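Structure record follows, encoded as structure tokens.
No lab work stands behind these numbers, since they all come straight from the coordinates. This is a predicted model, so every value here is computed, not measured. Cβ: placed from backbone, ideal geometry, glycine included. Neighbour counts: every protein chain shown.
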Amino acid sequence: MAETIKITLELNLNEEDLDRTVKRAARYGIGFKDMIEGFIADLSGKQRRNGSDESDLADAWMRRSYYCPYTEQTFLSFLMEEGYDPDEIAKALWLLENSYESLADAECKEESDEISDEIEENLLELEELFTRYQQELGVRHDMAEAFKGIYDFYCALERLKGKKPVFTVNDSFWTLCLNAEDGNE
């Protein structure tokens, strides 16, 4: 079983909702904290869940409450639906930035050419993902902003877990690297 971590959240609830929810949990013999943890476990569909039916119902609640077919899908939600992990995208961006830095420090043409080829290959992969997103959903967005949104999500998730983001990308990276080919010609 995965290790649990302790997080602190500030919830904005009105007093009546809080009162009714805490009492509802007590009616079933569980604490408010245990109820929230159980719901999150069911929603994640992974470890410590209460069962497959509960996970299915939690997922159905999430879709009915927060998914609207008229709401524009973000690049982050598109990639996650496609099975991509935001951590891996953040790592790819970090590696791309490091490649650009290595290119500036290259000592010979052969090393420079090798790094340039690596940058081109990695950038092409990211551009292809972004182009597919735009084509499949019929949207036009700025590539740098879309990838920065994924990176910001990764950083926020790491902070929520009480960690510092492992993959750090400088602000200048977004305009230097990704805006050159942003798909908005």
Legend entry - Net charge dipole size for the chain [Lys, Arg +1 and Asp, Glu -1 on Cβ; Debye, nearest 20]: 1840 debye
Legend entry - Percent of Cα pairs exceeding the 29 Å cut-off, where the set is segment 1-150: 44 percent
Inset, instruction - Set the Förster radius R0 to 25 Å, insert the Cβ-Cβ distance between residue 56 and residue 81 as r into 1/(1 + (r/R0)^6), and round the FRET efficiency to 0.05. - result: 0.90
Inset, instruction - Please give the FRET efficiency for residue 20 paired with residue 139, using the beta carbon to beta carbon distance and R0 = 45 Å, rounded to the nearest 0.05. - result: 0.65
Legend entry - Gained length - residue 39 relative to residue 120, 0.36 nm times residue gap less alpha-carbon distance: 24.8 nm
Legend entry - Entries in 33/161; 91/161; 23/164; 109/164 that, when Cα-Cα distance is taken, lie over 25 Å: 23/164; 109/164
Legend entry - Of 26, 100, 144, farthest towards positive along the dipole that unit charges on Lys, Arg, Asp, Glu beta carbons give the chain: 26
Legend entry - Calculated Rg and Dmax of segment 106-168 using C-alpha coordinates, Å: 16.0, 44
Legend entry - segment 75-181, dipole about Cα centre (Lys/Arg Cβ +1, Asp/Glu Cβ -1), debye to the nearest 20: 840 debye
Legend entry - Equivalent ellipsoid dimensions for segment 15-66 as semi-axes, Å, which come from the Cα gyration tensor, largest first: 21, 14, 8
Inset, instruction - For the chain, build the charge dipole from Cβ charges (+1 Lys, Arg; -1 Asp, Glu) around the Cα centre, then report which of 86, 133, 5 sits farthest towards its positive end. - result: 5
Legend entry - Ranked packing of 164-170, 149-155, most packed first, by mean Cβ within 10 Å: 149-155, 164-170
